[in-house]
1. Considering only segment 283-297, state which residues are surrounded by 24 or more Cβ atoms within 10 Å (Cβ to Cβ) and either free of Cβ contacts under 8 Å to residues at least 60 places away in the same chain or out of contact with any strand residue (DSSP E or B) (no Cβ under 6 Å at 6 or more places or on another chain) (or both).
2. Every residue in segment 24-54 that is more than 26 Å from residue 111 (Cβ to Cβ) and not in a strand (DSSP E or B), please.
3. Counting residues that are within 25 Å of residue 428 (Cα to Cα) and in contact (Cβ under 8 Å) with a residue 60 or more places away in the chain, which strands (runs of 3 or more DSSP E) fully inside segment 329-416 reach at least 2?
4. Against the definition (within 39 Å of the chain's Cα centre (by Cα) and assigned to a helix (DSSP H, G or I)), how does residue 14 come out, yes or no?
5. Of the numbered conditions (1) touching a strand residue (DSSP E or B) at 6+ places or on another chain (Cβ under 6 Å); (2) at pLDDT below 95, residue 411 fails exactly one; give the number of that condition.
6. From (1) touching a helix residue (DSSP H, G or I) at 6+ places or on another chain (Cβ under 6 Å); (2) surrounded by fewer than 19 Cβ atoms within 10 Å (Cβ to Cβ); (3) assigned by TED's automatic domain parsing to the domain that holds residue 141, pick out the condition that doesn't hold for residue 257.
7. Would you pick out the residues in segment 336-358 that are over 23 Å from residue 417 (Cβ atoms), in contact with a strand residue (DSSP E or B) (Cβ under 7 Å, 6 or more places away or on another chain) and modelled with pLDDT of 95 or more?
8. Answer yes if at least one residue in segment 313-323 is part of a helix (DSSP H, G or I), surrounded by 14 or more Cβ atoms within 10 Å (Cβ to Cβ), assigned by TED's automatic domain parsing to the domain that holds residue 434 and at positive phi, and no otherwise.
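The values are calculated or read from the model by the stated rules, or taken from the named source; none is laboratory data. Everything numeric in this text was worked out from a predicted model, so none of it was measured. Quick reminder, even Gly has a Cβ in these numbers, built from the backbone with ideal geometry, and neighbours come from all protein chains shown.
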């Protein structure tokens, strides 16, 4: 499609939408479309405006008279009705005018009912103008913040931390101060007020002050510039949120409130993004045997998914060439792989360092294999070593346990994940190893007695994701398959083979 073709597509979408508005009785006045939609037993006049980015951006819909719609939830600062949710990305439904008008009618119906059936979005931020301060303010657990004054400490990378004690929230580092730099004239503070359940969103400083019930001393500190930010902890539908506002006194004695970019660094915030089973596995322990390429990403996936404790087992060291496919960074070259991964998981805030154990024992030692299986809720073998697999299987059969064994085969084209022994007497997976491709030469490097695996990094990532899926399935009692899985993840046929079909 040429740029002319693109222009035609956009022009057609606008023309179709406008024709649909005309059919609905709307008229164009200076580029804006005026008409009425149903509201209860009557009607209400609205204005529909198409933005320059239409149809890839939704039309703007607002009441013809500001007083015709309550300043309630889902009404933008400029008066427009919010008829498109932030997570509504499945289609360009708003390119259809009847659908937009139906959404507008639904908006008035819900607003007139005080949004009784509304989803409890924690979105107070959208009702305030943005501050010119573009830094990100990071806060910790609400219990430490409620109705208290906290210090604002500069962090790294344009962040500001709400510090409630001698250390910063949730262990984030504060910015190192240059001893030669001149001291700042004064510290900055924020006051965090718990305003409880709110029925409608505050939009002005007067709204905020009334809800927060600020003491005169706090107001004086705001007017004097000692308190530069005000936080509001609020409840909506049983869910708590926090909005942080910059508070700047004007010359006339009034105070201007504008929203700051803020984010939580809390266990709840992380767990909410760790998958639906994060809470279920937060108290479980997993041992990963072999933390090379595949094992390193399996360990990371399990930590990110919320598992409470991990034990990392490997007796190898991290070499520069490993970095292409390994999770660890160059700062860990020369370290034992288990120590490199322990550092990686802890420094990157995947898991508290005290919840990460390491071992350089040999899993072929049957006593150690038995210990791993009895001391952990699950063992994952990522060594691709048949001897280790055999030792773990012998120990598993002796203890009545099942472990996960994962490997990449056939130059990275095949992922094999075995549950050993299979659950409920299921048959084991068939053989999946193939002879090497004749046109793929072996690659050797000094110090390695066997060829370097040509497995691509993306194959390692895909295999780690599949392994974590099976592991979490076992931990929550919902196994993906009683025996495991064999999946081909190689590229498609070469171009000549495609054209020949």
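1. Once the filter is applied, which keeps residues that are surrounded by 24 or more Cβ atoms within 10 Å (Cβ to Cβ) and either free of Cβ contacts under 8 Å to residues at least 60 places away in the same chain or out of contact with any strand residue (DSSP E or B) (no Cβ under 6 Å at 6 or more places or on another chain) (or both), segment 283-297 yields 290, 293, 294, 296, 297.
2. As a first pass, look at segment 24-54 and keep what is more than 26 Å from residue 111 (Cβ to Cβ): 28, 30-31, 52-53.
Passing the criteria: 30, 31, 52, 53.
3. Here the list reads 378-381, 403-409.
4. Details: within 39 Å of the chain's Cα centre (by Cα): yes; assigned to a helix (DSSP H, G or I): yes.
Yes; evaluated as a whole, the condition is true for this residue.
5. It fails just one condition, (1).
6. Only one criterion is unmet by residue 257, namely (2).
7. Correct list: 336, 339, 342, 355, 356, 357, 358.
8. The answer is no; no qualifying residue exists.
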